[in-house]
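Written out below as structure tokens is the structure these notes cover.
The values are calculated or read from the model by the stated rules, or taken from the named source; none is laboratory data. What you are looking at is a predicted structure, and each value in this text was computed from that prediction instead of being measured. Reconstructed Cβ throughout: ideal geometry from the backbone, glycine too, with neighbour counts over all protein chains shown. SASA here: full protein model, heavy atoms, side chains in, ligands and nucleic acids out. Shrake-Rupley method; radii C 1.70, N 1.55, O 1.52, S 1.80 Å.
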Amino acid sequence: MSGVDELLDGDDAKSVVNLGRTGVYLSAIEGDVRTLMRTFQRQQTFDFATFRDIWKEQNFSLVHFVATEKNSRQNFMRAAYRVVLEHLRGSALLEIRVGVVYALYLLYFTQPVNFPNIGVRVTMDVWAQLTRLHEESRAAELRDVVYVFDRLAREGAFELVAW
């Protein structure tokens with residue numbers, strides 16, 4: 001029995017991201033992301049520099065130290081991306097949806113260089129939401145959002161998946 005299995009059983013296991021011999025509670029990732037998004041939303045701005053400063057103040061890049069082994073990185077990064085993407089829903093404030101794009105960008109581009117970057121898996125529905133946000137940002141002349149999204153797309157960060 002692994003360390004995670006010993007700690008959890010039944011439905012509790014679904015709330016843990018398996019990192020091999022250890023795990024991290026999904027609620028911990030959700031809480032950190034929620035704090036990041038709410039802090040950015042309260043600034044009532046759309047610029048990347050403000051988001052980046054909040055990211056740094058909250059030491060969010062340390063999130064990569066949760067999964068330091070190659071085999072556990074994929075599970076962790078996919079879970080982190082999913083949690084971030086949950087904030088994209090259509091009813092979310094524009095600041096939150098912009099924060100999603102910025103968070104994906106920083107999560108993707110701050111991954112440790114000793115491993116290949118793990119891509120952001122998106123369904124067609126999520127891709128449609130992202131491209132709508134991109135179009136909306138272009139129309140509103142939110143240049144930071146447009147640049148960040150374009151760079152993610154150009155670098156192949158997005159992986160379209162069926163589920």
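More than 24 Å from Trp163 (Cα to Cα) and among the hydrophobic types (A, V, I, L, M, F, W, C): does that describe Leu93?
It is true that Leu93 is more than 24 Å from Trp163 (Cα to Cα) and among the hydrophobic types (A, V, I, L, M, F, W, C).
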Exercise. So which of Arg132, Arg138, Arg151, Arg121 is over 19 Å from Leu94 (Cβ atoms), open to solvent by 30 Å² or more (accessible area, probe 1.4 Å) and part of a helix (DSSP H, G or I)?
Worked result: Arg151
Exercise. What number of residues in the range 87-108 are free of Cβ contacts under 8 Å to residues at least 24 places away in the same chain and either under 17 Å from Phe149 (Cβ atoms) or part of a helix (DSSP H, G or I) (or both)?
Worked result: 1
Problem set entry | Residue selected from the range 1-57 under the condition among the basic types (Lys, Arg) and in a helix (DSSP H, G or I), by the criterion modelled with the lowest pLDDT | Lys14
Exercise. Checking Asn114 against (1) under 16 Å from the mean Cα position of the chain (by Cα); (2) open to solvent by 30 Å² or more (accessible area, probe 1.4 Å), which single condition isn't satisfied?
Worked result: (1)
Exercise. On the given criteria, is Glu159 acidic (Asp, Glu), touching a Lys or Arg at 6+ places or on another chain (Cβ under 9 Å) and surrounded by 14 or more Cβ atoms within 10 Å (Cβ to Cβ)?
Worked result: no
